[in-house]
Amino acid sequence: MRQRRLKLTARGWGDGSPSPHLVTLVAAVAVALIASAVASAHAIVLPAASRPADLQRYTLTVPNERDVPTISVALQVPAGISFFLVETAPGWTVSIHKTDGHVDVVRWTGGAIPVDGFATFRVLARNPIAAVPISWKVLQGYAGGEIVRWIGSPDSDTPAPVTEITEQAVPTDVIDVQGGKVVPNVVAEAAARRSRDALPRYLSVVAVVLAGAALVLTIRRR
């Protein structure tokens, strides 16, 4: 048995080069991991789901994906929002554009999101009554003039953040009009963060398992 193992090992690796099948598999997994990491750096709005007509506090998170600072952020308010307020963001100047008395665009300027950094901006909005998805289009301006438009579909390279308006949503950062208090859901938000943080680890485990399986198959075929 010991001699057979040595023979299989020698034949499996040959001149020291890995199996072409294994190289292809590992390369494919590496590309998937890189794509996942890039995709996770998009502008996002949380919570991702909220109930119809709730007075919801939303948080826009904008990462810096370039080697120069982000110097402006613009948010287009989705149709159907009937009430809208903007929380003060230290270091930023807020300008609000209205159409027929309704806020439709908010701009933050005068501040800076450093390289490898991110910033959060909070707003208070009355959700639409209809249980339909709403899209938050974001324009991110960089020093030097580049503007990244987070306005695409969910499967695009620059997707717009989307909030599902549904009765099944768990209340998170909802303003209780009767009591004048914010209703947090720390457990739900923590679970969501753990799920997002665990994704790269899960992908790494899958990559190791697939690579091991490919190695075993290569050895058995030789």
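Restricting 69, 52 to those that are in the same structural domain as residue 146 (by TED's automatic domain parsing), surrounded by 11 or more Cβ atoms within 10 Å (Cβ to Cβ) and either within 20 Å of residue 127 (Cα to Cα) or modelled with pLDDT under 50 (or both) reduces the list to 52. Only one entry in 88, 99 is over 27 Å from the mean Cα position of the chain (by Cα), in the same structural domain as residue 171 (by TED's automatic domain parsing) and either at pLDDT 55 or above or buried (at least 18 other Cβ atoms within 10 Å of the Cβ) (or both), namely 99. All of 147, 134, 129 fail the test of being surrounded by 12 or more Cβ atoms within 10 Å (Cβ to Cβ) and at pLDDT 95 or above, apart from 134.
The condition (being under 20 Å from residue 91 (Cα atoms), part of a strand (DSSP E or B) and in contact (Cβ under 8 Å) with a residue 60 or more places away in the chain) is satisfied by just one residue among 111, 141: 141.
The values are calculated or read from the model by the stated rules, or taken from the named source; none is laboratory data. The shown structure was predicted, so the numbers you read here are calculated from the model rather than taken from an experiment. A quick note on method: Cβ atoms are made from the backbone with ideal geometry, for glycine too, and the neighbour counts reach across all protein chains shown.
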